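The values are calculated or read from the model by the stated rules, or taken from the named source; none is laboratory data. Everything quoted here is computed from the prediction, not taken from an experiment. Note: ideal-geometry Cβ built from the backbone for every residue, glycine included; neighbour counts use all protein chains shown. In case anyone asks, the SASA skips ligands and DNA or RNA and just uses the protein heavy atoms, side chains included. Shrake-Rupley method; radii C 1.70, N 1.55, O 1.52, S 1.80 Å.
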Amino acid sequence: MNVQQRGWAVTGLLLGGASILLGGTVLAVIQGAQIIGMGVQVLLAWLSYVPIFAEPNPRQIPTYDFFWPLLALLGGVAAFFLGWVVIIRGASLAWPTRFDRSQQNAS
């Protein structure tokens, strides 16, 4: 691989890794907030049935499907880690002597 090809590969890996990292972070945060919001609504509905916190008309307990938001959250976390892997791969390609363990220390 010549210098120009290595430069393009490094740039692509770093930009691609940064975009995957950003997308995974955004997806994980949005889905995490959605799951927390659903959990809070269910908890408040359950508390409306407790005698100490009883309301005259208890709320209906909402039925949520937690599978798809949880799957999207796990996908966001996986994309976050994949982004870091791609960034580290780009950094090791950009600076190969720093990450080469086959060379012995001169000291």
Options Ser48, Ser92; residue that is over 26 Å from Leu21 (Cα atoms), open to solvent by less than 100 Å² (accessible area, probe 1.4 Å) and not acidic (Asp, Glu): Ser48
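Let's see how each residue does on (1) under 24 Å from the mean Cα position of the chain (by Cα); (2) closer than 21 Å to Gly83 by Cβ; (3) assigned to a helix (DSSP H, G or I); (4) not aliphatic (A, V, I, L, M):
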residue: Met1; (1), (2), (3), (4): no, no, no, no
residue: Gly17; (1), (2), (3), (4): yes, yes, yes, yes
residue: Ile20; (1), (2), (3), (4): yes, yes, yes, no
residue: Val50; (1), (2), (3), (4): no, no, no, no
Residue match in region 57-78 (condition: of a type in the set (Val, Ile, Thr), open to solvent by 80 Å² or more (accessible area, probe 1.4 Å) and part of a helix (DSSP H, G or I)): no
Among residues of region 1-20, those that are open to solvent by 90 Å² or more (accessible area, probe 1.4 Å) and hydrophobic (A, V, I, L, M, F, W, C), counted: 4
